[in-house]
1. Which of the chymotrypsin sites (Phe, Trp or Tyr not before Pro) found in the stretch 69-102 are loop residues per DSSP with 12 or fewer other Cβ atoms within 10 Å of their Cβ?
2. Could you name the aspartates and glutamates whose alpha carbon sits less than 14 Å from that of residue 96, not counting residues in the same chain fewer than 8 places away?
3. In nm², what is the average projected area of the convex hull enclosing the Cα atoms of the chain?
4. Three principal axis extents, largest first, for the C-alpha atoms of the stretch 1-47, in Å?
5. Tell me which trypsin sites (Lys or Arg not before Pro) from the stretch 71-113 have a DSSP coil assignment and no more than 12 other beta carbons within 10 Å of their own.
6. If one puts a single equal scatterer on every Cα of the stretch 55-113 and applies the Debye formula without solvent, what log₁₀ I(q)/I(0) results at q = 0.14, 0.18, 0.31 Å⁻¹?
7. Cα centroids of the stretch 39-64 and the stretch 10-37: how far apart, whole angstrom?
8. Within the set of other residues whose C-beta is less than 15 Å from the C-beta of residue 83, count the net charge using Lys and Arg as +1 and Asp and Glu as -1.
Amino acid sequence: QVQLVESGGGLVQPGGSLRLSCAAPGMPLRIYDLGWYRQAPGKERELVATLTTVGTTDDADSVKGRFTIPRDKSKNTMYLQMNNLKPEDTAVYYCKRRYGGSWGQGTHVTVSS
């Protein structure tokens, strides 16, 4: 089963921005409903943003107005644009098909001064 590959994490100061990428080697992303998830230390994994096959996006209340999913169909890549980052956004971020698929390695995001 093809795993999605996350990248783009790192250390950023509060108020900063990061753009995460989700690549799908050998799998056309456009035919799947997709999600960005995160798991903070000591907490359960949570869904933070979704992208449907028709391009509809939605965000969790905790990130609404700060996180978006810009999509570049030509690159078969899904992104998560994260602005105005807060310390509570610190987590490992994953992308996955909403229904089916498997978890990848994730990418670490640390928001700290």
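The values are calculated or read from the model by the stated rules, or taken from the named source; none is laboratory data. Source: prediction; values computed, not measured. Don't worry about glycine lacking a Cβ; one is built from the backbone with ideal geometry, like all the others, and counts go over all protein chains shown. Note: accessible area is taken over every heavy atom of the protein model, side chains too, but ligands, DNA and RNA are not part of it. Shrake-Rupley method; radii C 1.70, N 1.55, O 1.52, S 1.80 Å.
1. Answer by residue number: 99.
2. Counting by Cα, and skipping residues close in sequence, residue 96 has these aspartates and glutamates nearby: 6, 33, 46.
3. So the Cα hull casts an average projection of 6.6 nm².
4. Per principal axis, max minus min of the Cα coordinates gives 35, 23, 15 Å.
5. Within the stretch 71-113, no trypsin sites (Lys or Arg not before Pro) qualify (loop, at most 12 other Cβ atoms within 10 Å).
6. -0.47, -0.78, -1.38
7. 11
8. +1
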